[in-house]
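The values are calculated or read from the model by the stated rules, or taken from the named source; none is laboratory data. Bear in mind the structure is a predicted one, so any value in this text is a computation, not a measurement. Every residue, glycine among them, receives a Cβ derived from its backbone with ideal geometry; neighbour counts consider all protein chains shown. All accessible areas refer to the heavy atoms of the entire protein, side chains included, with ligands and DNA or RNA removed. Shrake-Rupley method; radii C 1.70, N 1.55, O 1.52, S 1.80 Å.
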Amino acid sequence: MKALLKKEFLLNLHPTAILFPFFAVFVFIPNYPYEVMFFFSGLSVFFICLTARENGDFAFTCAMPVKKRDVALARMILCVILQTAVLFLAGISTAVKELCLPQEMQINLAGMMANFSFLGFGLILLGVFNVIFFPTYFKSPDKVGVPFLIAAAVQFAIIAALIVLRFSAPLFADILNTPDPANMGAKTVVFFIGVTFYLCVTVFAAWKGMRNFEKYDL
């Protein structure tokens, strides 16, 4: 697995995968739907898989003495590492914004403000991408666009729902959409719901993706 991961980083890592995690600084843009940064994480996965397809990566890798399921798992581990980087940088950016800017500058008129619950919603968005994209992608790795479009469409539907709830639901408007450390109990619950959801669906996506790739005829 170590050799496969090294191959993924050296041969398949697209330049956007290095750039997009730094979109975590989007939280400093006034009145912007900050959840969009998590869409770009999925976009980098799309570019990685597209580059691998054009380079004939799976045919090359599976010709070596490795298990097909490990080939798929290495690709998914690479993507999870990138998603972890996005979340980590989003957490740092959120903390810096809350420490350095006054509360009136933290208000977001375009959606949820950057706070602890926002990171939980980000984990949900990342998990949704994984559970849709990877099982579908590994059914037919030559078709990268369709799984990405479906996953991205669902992500944007969730982002739109969060924006609507931010203005219409008291739980979101008055409790979750507040500067930290206000209402940290509720925000912590949302964050750990996000962590649990992300871990569960990503493990399922990895299991299903490996099974589908094993059935795929190269």
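Note on segment 58-73: residues that are free of Cβ contacts under 8 Å to residues at least 24 places away in the same chain and not in a helix (DSSP H, G or I) total 4.
Annotation note: of 151, 114, the sole residue that is part of a loop (DSSP other than H, G, I, E, B), under 30 Å from residue 171 (Cα atoms), open to solvent by less than 20 Å² (accessible area, probe 1.4 Å) and not β-branched (Val, Ile, Thr) is 114.
Do we have residue 83 as in contact with an Asp or Glu (Cβ under 7 Å, 6 or more places away or on another chain), open to solvent by less than 20 Å² (accessible area, probe 1.4 Å) and of a type outside the set (A, V, I, L, M, F, W, C) here? No; evaluated as a whole, the condition is false for this residue.
Residues in segment 120-148 that are part of a loop (DSSP other than H, G, I, E, B) and among the hydrophobic types (A, V, I, L, M, F, W, C): 138, 144. A count restricted to segment 184-200 and to residues that are buried (at least 20 other Cβ atoms within 10 Å of the Cβ) and either part of a loop (DSSP other than H, G, I, E, B) or not aromatic (Phe, Trp, Tyr) (or both) stands at 3. Residues of segment 201-218 that are free of Cβ contacts under 8 Å to residues at least 12 places away in the same chain and not in a helix (DSSP H, G or I): 217 alone.
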